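To start, the structure under review is shown below, and the notes come after it.
Quick note: the coordinates plus some simple rules give every number you see, no bench work behind them. Computed from a prediction, not measured in an experiment: that's the story for all the values here.
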């Protein structure tokens, strides 16, 4: 039996939405298998995350203005390719939030 490993991927994204509840609603619709939550809200901090036992997706921004961070963590059997699943999840998030990937700083 293959050992389970966790891989984390991160990128910066640009989103026009500024409301945590709107972001959460759109992500819940796009990825209904994940249990979505919000937290750490303040006037310029946004944190929305969804998860299952094997998948974690977070959209986070510490302060306004600024880019959001998209984090995807996947638990998969060692040797399986998590990259393609990450790209599929990232693309789903980008479409749901009408977001774009930003270049690395």
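Comparing 27, 70, 89 in a Gaussian network model of the chain (Cα springs below 10 Å), the most mobile by mean-square fluctuation is 89.
What fraction, in whole percent, of alpha-carbon pairs in the chain exceed 22 Å separation? When all Cα pairs of the chain are counted, 28 percent exceed 22 Å.
Compute the angle between helix 82-97 and the longest alpha-carbon principal axis of the chain, please, reported from 0 to 90 degrees and rounded to the nearest 10. That helix lies at roughly 20 degrees to the long axis.
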